[in-house]
Amino acid sequence: MVYYYASLLVLSLVLSLTYAFQWHKHFPVYFTLIFAFVPIANLGYLLLSQATTLEAALNAYKITYISGCYLITFITLCIFSLCNVKLNNKLVALLILVSTLTYACALSIGELPLFYKSVTFSRRDGINSITKEYGPLHILFYILVIVYFIIGMCTMIYAYIKKRDVSRKTILLLFIPESFCFFSFFAGRTITPEIELIPFAYVVTQFIYLIIIKRICVYDITETGIDSLVKAEESGFVSFDFKYNYLGSNKTAKQIFPVLEEIHVDTSAYDNPLLKETVVKWLDTFKADQSKDKFHFEKDDLIYLVDVNFLYDGPHKRGYQLFLTDDTQDQKYIALLGHYNETLQKEVDQKTAHIVEMHNNLVLSMATMVESRDNSTGGHIKRTSDTIRILIDEMRKDSSLNLSEKFYDNLIKAAPMHDLGKIAVDDAILRKPGKFEKDEFEIMKSHAKEGARIVHEILKGTDDLEFHLMAENVAHYHHERWDGSGYPEGLKGEEIPIEARIMAIADVYDALVSKRCYKEKMSFSEANDIIIKGMGTQFDKRLEPYYISARPKLEAYYESLDSESDVIHDMHLKTII
């Protein structure tokens, strides 16, 4: 017996977890309460089978009565909800109050002779023998169970006969747990005196309700459709499953197709001449070619646009949905369904481009401000950005790299941000006119990690997560070395993001061929020797071909900078003279 109750407890927990993973906000709350209370009730039956004393048995009974008093209430309320029979909130509160009072009486077991007059307990060979004499209040519990059963049955029969907007298959499924629980409660002990059938009935109830849940996700058109569109009743909305069975529609759709007032949910569109001539043809066409999703239907001198799409339950396709609108309001409803207005899209694109430009200018201004504090790197931001462009122009020619155009564009945008962390370095160190001492260099190295933090804060609100991550990587890792001897993390080889490896070449090249306060600029030949020698130790060896291809353009670029500098210097002298 222990294995029986333990197995049912485990199974009820598994089914409750299954429900949790399928939960939707539009499920009636009573579903959740049922799946929460069944494992509690089954735990009570397991504890009862394991009780070794009368006190333990009585406590276990108190747990099992949670199911008896509340589960039948929640099941009944679920029946009302699924049969689309509205209950006043005060009436719902009253039903729950009655169940609570009944359970309060059950808690008197072992304390007062009201619910149980007496209980005798014995245990032999691991099997419990319990004899109960019911008290006067126990009759209330029986009445509660019987009344709820009658109410539930009457509601289902009424919905089956009268309610056209409720699936009859769902109603038939509801009969199973309602009938089985009632039967198990009153006749189960007669058939199986050694064990209780009611825990098994609860597990069956969970299983059936999981099936029902899958069905209501399809039939609840208010949730699976567009709520505002359905409630406005300015557009017709009709749903069919993949077998062309009718699932539901709103009032406007029924005015356009009066036949929808006459047919039941689950009726096949093939069974009605008008639907077969219209809906079936539309769905067949859409099924064959999803780009053909618009049709026209004429009625009473009006022309309706029929827009066919899939019916979704979350990410899952469950069938087809048809939107019916007056063709004169085409643009309005197309916009509601996600089809962008061309003029509006242009305005959005223009404003978006303006915002992006402002953002980029802000970042560039911050980088320039940081650079103005460093008396050794004047013009470094612009030069490294241009160097990156030249390197990337060579890399774009090689399709085997499998790097996207967006990657290259993002790297060009991210390059000016690589030294933002220097804003956190003290002026005394940043502006020192000479080489750093060891402790000063350690402080200077902190700019890489600090730069990543600053970039993260600047970009944390952006929708472009790919650019956000790349900019952080460039700032954080552009001083890492291929052999692992770089900083700040000592990353090695491919641990270093590719964007940071490219940035490292541009950064070092500019430092070599540019004049600093502590050194003269190197010749292009000397700088080239250092870069080539560093391939495989400081730099990624695989980037060497692109550097070599870019070298003539790099040297031409830096020569042009020298020429510009000389022209500006001559103009300045003439002004003085």
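The values are calculated or read from the model by the stated rules, or taken from the named source; none is laboratory data. Owing to the predicted nature of the structure, the values given are computational and were not obtained by experimental measurement. Here the Cβ positions follow ideal geometry from the backbone for every residue, glycine too, while neighbour counts run over all protein chains shown. Areas reflect the complete protein model, heavy atoms only, side chains present, ligands, DNA and RNA absent. Shrake-Rupley method; radii C 1.70, N 1.55, O 1.52, S 1.80 Å.
Side notes on the structure shown:
- Our summary gives segment 72-153 a relative contact order of 29 percent, counting only alpha carbon pairs under 8 angstrom and 6 or more residues apart.
- Built amide H within the under 5 Å cut-off of residue 311, gap 5+: 318, 319, 320, 321
- Amide hydrogen neighbours beyond the local backbone of residue 117, cut-off 5 Å, H modeled: 133, 134, 135
- Probe 1.4 Å, protein heavy atoms only - accessible area per residue of segment 25-174 in square angstrom: 49 Å²
- Under 29 Å from residue 86, Cα to Cα: lysines that are on another chain or at least 8 residues apart: 25, 162, 163, 169, 214, 231, 251, 254
- Overall form of segment 404-498 per C-alpha gyration tensor (a/c, 1.5; a/b vs b/c): oblate
- Shown is the FRET efficiency for residue 400 and residue 483, computed with R0 = 25 Å from the Cβ-Cβ distance and rounded to the nearest 0.05: 0.50.
- Modelled FRET efficiency - R0 22 Å, residue 142 with residue 93, Cβ distances, 0.05 increments: 0.45
- For segment 59-68, backbone phi angles converted through the Karplus equation (6.51, -1.76, 1.60; θ = phi - 60°) give residue-by-residue couplings of 5, 5, 4, 4, 6, 5, 6, 4, 5, x Hz, Gly and Pro being listed as x.
- Proximal lysines to residue 553, defined as alpha-carbon separation beneath 27 angstrom and excluding residues fewer than eight positions away on the same chain: 382, 397, 406, 413, 515, 519, 521, 533, 541
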